[in-house]
Amino acid sequence: MAFNFNWSPLTADAEFYKMAQQMLTTALNKSPKPPIIVDDILVNELNLGSVPPELEILEIGDLAEDRFRGIFKMCYSGDAFLTLKTRVQANPLNTYLFSKPSFTSPQPLAASSGLTIPLQITLSEIKLSAFIILVFSRQKGLTLVFRNDPLESLKVSSTFDSIPFVRDYLQKEIEMQLRTLMMDELPAIIHRLSLRLWCPEYRAKEDAELAEAEKLEKEEVAVDPLASPPQDAVDARGNVLNANEISTLSLDGGSEIHSLFSQKNLVRLAALTDSHRTLSLFTPSIRDAVFRAWASPSERNDSAGTSTPATPSLLRSASSPANSSTTYTFSRGSDDGNGHMPSRPSLVSLQSATTGLSLGAGRHSRSHMRKKKNRVVNLRKAKTTDDMAGESGSESASVAASEPIISTRIPEEPEDNIITPPRSPSGKVRFRTSSIDLGDSPHKFRLSTPSRSALSSKAVPEQVILDSTPTMEKDEPIIYSRARRPSLKKPQSQPEKAPAIHLTPAPILSSESLSGSGGIVEQAWVLKMAGEIARRAHDEKASREGFWSGSTVDEREETPPPAYQAKAL
Amino acid sequence: MLEFMDYVQHSFYNASHWNTENSYSQLTATARELLEFDTPRGLRLNLSSLSSPNFATSYAIGSVGLVDGALSYLYTSLPLFPVSQSGNIDLHDVIRGYRQIQELRKQEESWMWEEWQGGKRIDKRNTLFYGRLYLPQSTLEALYLRRLSPTQQLKLSAVSDSRLRNGGTILALHQYDTGKYSTETLYSTDGGLVGVRGLYNFGPDPRKGITEPPRTEDRFYGRFSAGAEMYYGALNKSGGVSFGGRFATLPAHKGVPLTATLTMNPLMGNFSTTYAVKAGKNLALCSKFDFNVYSYESDLMLGCELWRMKAKAKKIQERSMAAKLEWRLDEVQETLAEPEEVTGVLKARVDQNWRIGLLWEGRIKELLFTLASSIDMNRPDQPFRAVGLEVQYSS
């Protein structure tokens, strides 16, 4: 076994330097600066030098093609240097007065007038020696943590080198700053960089975020997500909606949907979400709703990693009405709603919405994800299909519950089934392909923040890492309890629900379609295997292809890119 | 606009014949009022009262993001009788604009303060106590002001705040003012800062008799003053020096009143000039130019102040009934020119970076209000950086 550490290509890339400079600049300007620094700190020059650090592998914890965990000992005494530019206030009286209360200020007339001096600091002869814990996975990027304080010594040269007092002061201050930078900021920077390098979706997401932010600044008008119909809209069962059907969908048009959005319920839900945000102990009771706390025992199991069919089924089934509500919320919060989900808007937003609601915390979601991964491998069992054949969701759920030992993956499929009305095969055909990969991708989507719903469909895994907490906050306004209700109360009454499901997410369809009829599922499974084998060959192709392939790239081990599948079909 | 407590404090100075203007720190007061006025942010309400000639209270509540407030109390041993009703206060007393310097007064002799009763001196030095508690920050401000003699004053101000180093600071300021010149010595516990300021007025000495305004009308009649300040922080080994001069016309000047100042900081190479004119009865203009000879940085600021007076309804003189009955005209009455009532003052400033500050101060019924906004033209997307409204009521 050999490792090949390539130092020079990294340092030769001009793009890399530009990016690293940018990131360092933002990192340096993030924390509040002392009053003596009156301008932004700019990273003027950055060079990693030609001498690579010496690495000594101490331990390798995990090793695979796409992930790595190890502990290194690093020594560096190369020719890297860093030049910073800023402006400092030279008048000590000015900085003295800066943070003093005006009431006791001596109020000098002109003695405190400022003199700003441009300052250039060059850091060179950096000597590092550290134990590094390096974790890499293709999905989560590169995480690098210093076990100890890595900085051994460095040379600080500045504009004020001729004044010994200032020089010593700067040396001391900068060493201190650099230590915090190394320990706190650098891991974050490297992580972001790695994501950009390895996950094209992340880059796309970032760009989209930027564009989004700009757009948001310009127009903060709430947009009706249904105002502009999605390009290939599907209903809950995966049937393609024609233009007429889409037009009938509107936020306030359909009586069905309207009933979902009763003002009273909205107010209650708002109160409920607010109660999370405040310290208020008051929790408004909502009729016919399943609260997370009630389902806790099974939930806990779930998070622990064991398979619990029962809880997820509740949560999942909830998604169908939730979807519609979700979309609605988005439109208010941000206009991702229609801006960014041309291909499959409902799916994205729904999924993320459900996440916030049904999954209480990031850890849950993560555990879910883990489970899902496993599931995919022997995805479609004959057994499942049997269940599915025409049974109602509640039954299947119970089945799954009774036999969790058999396999962890089984439960999830039946859950989804709950809402699934029996369907004609014809409807499914089109979606089979997508359903196969969606079968697991939606679970990931759940983890993503709703505000980025559009993006979430792309780089999913990063969001798991980065945004698990924000997710919770942002998700709060979403309406969930109502969503859950139907699934609990009347799992059997599918026809009734059908209209409400119009906006339902693809996840549901996916699982449905999987479970829906045995033959098709088996077919799908075969396809899947084929995809698995051919996966490598199609890596590049997948990455080149748009939206769906993009989302699958990082989950390659689980699902073949749908585009590929479609061709196989 | 002056806060009520500052207003009371100024009336204490007036009542005790202390000239606050004769100090080096007030050299550029005009430019400061016209160019560096505060623009309040958010909403702020002040409720104040001078409940007795010796005691004043004030409550303030404000909201800038979160609600905060302040309680303040003031006690003075010298009974004060300023107009305290906000409906009657002369706006010239609470709104500071172009500051017309006055003729120097001859200071009272110390024996004038002596009061004897039964062979014993019973006179006391006038003192003022003032405290303000900010909530919820729990910051306490305290002020102790004592007139030591007709020419001396001691001012102790302190701030107690857990967020400050050492839990607070105290500033002691001793002022000595003879009219012809004035000196100030100060010490701050924060950094052990020691400072000296001095101002010298050229021209006739007020101690030697009353000066008469000149008869010539074509020459500038004003006063030139020069001063310097010096600070040294004993703990942080830092210091500062500045020199300054001012020429300002006196009230007897027949032409356009003007004030010009030049201050310089030789250590930092900073020069600052201001020029202010009172272009009309209700208009004052001011400009300020800063230049640093070391960094070649410069700054230009322009400001103006416009007083809006209430349009007086012309009284229609009608013959009185008595006059009609007696078949005669009314006697021509000499009506005294009533002081015009101010409805509001607009202050505006703009600097070279197109940052604009606007301030509209005035009175609505019994309430004094300040409406302020700061605008940044460099950010066209959201030019309004801050908007504030301050309302004061006092009784």
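Rank the residues B:Trp307, A:Trp7 as a footprinting-exposure proxy: fewest other Cβ atoms within 10 Å of their Cβ go first.
Fewest-to-most ranking of B:Trp307, A:Trp7: A:Trp7, B:Trp307.
Roughly how many nanometres apart are two label points built 7 Å out from the Cα toward the Cβ at B:Tyr200 and A:Ser285? Simple spin-label model gives 8.7 nm for this pair. For the stretch A:87-202, the relative contact order is 24 percent, taking Cα pairs closer than 8 Å that sit 6 or more residues apart in sequence and dividing their mean separation by the residue count. Based on the Cβ-Cβ distance of B:Asn236 and A:Glu173, what FRET efficiency does E = 1/(1 + (r/R0)^6) give at R0 = 25 Å, to the nearest 0.05? Efficiency computed from Cβ-Cβ geometry: 0.95.
Remark: the B:Glu331-B:Thr189 segment gains 44.2 nm on full extension, using 0.36 nm per residue and subtracting the alpha carbon distance.
Modelled spin labels at A:Asp274 and A:Ala204, positioned 7 Å past Cα toward Cβ, are 4.0 nm from each other. Per-residue ellipticity at 222 nm, computed for chain B from helices alone with -39500 (n - 2.57) per DSSP H run of at least four residues, works out to -2000 deg cm²/dmol.
With neighbours defined as other Cβ atoms within 10 Å of a residue's Cβ, the residues A:Glu45, B:Glu114 order from fewest to most as B:Glu114, A:Glu45.
Over all directions, the projected convex hull of the C-alpha atoms in the stretch B:1-145 averages 11.1 nm² in area. Taking only the alpha carbons of chain B, we obtain Rg and Dmax values of 24.0, 88 Å in that order.
With 19 Å as the limit on Cα-Cα distance, the pairs of B:Lys281/B:Lys365; B:Lys254/B:Lys278; B:Lys208/B:Lys278; B:Lys180/B:Lys278 that go past it are B:Lys281/B:Lys365; B:Lys208/B:Lys278; B:Lys180/B:Lys278. Fewest first, what order do B:Phe289, A:Phe160 take by the number of other Cβ atoms within 10 Å? Ordered by Cβ neighbours within 10 Å, fewest first: B:Phe289, A:Phe160. Using the Cβ-Cβ distance between B:Ile364 and A:Lys73 with R0 set to 56 Å, the FRET efficiency from 1/(1 + (r/R0)^6) comes to roughly 0.15.
Beta bridges assigned by DSSP with both partners in chain B are antiparallel in approximately 95 percent of cases.
Across peptide A:92-99, the mean count of Cβ atoms from other chains lying within 10 Å of each residue's own Cβ comes to 6. Averaged over peptide B:154-165, the number of partner chain Cβ atoms lying within 10 Å of each residue's Cβ comes to 2. Look at the stretch A:111-123: the mean tally of other chain Cβ atoms within 10 Å of its residues' Cβ atoms is 5.
The numbers here are math on the coordinates, done by the rules we state, and not lab data. In this text the structure is predicted, and so the values were computed from the model without any measurement. When we count neighbours, we look across all protein chains shown, and the Cβ atoms used for this are built from the backbone with ideal geometry, even at glycine.
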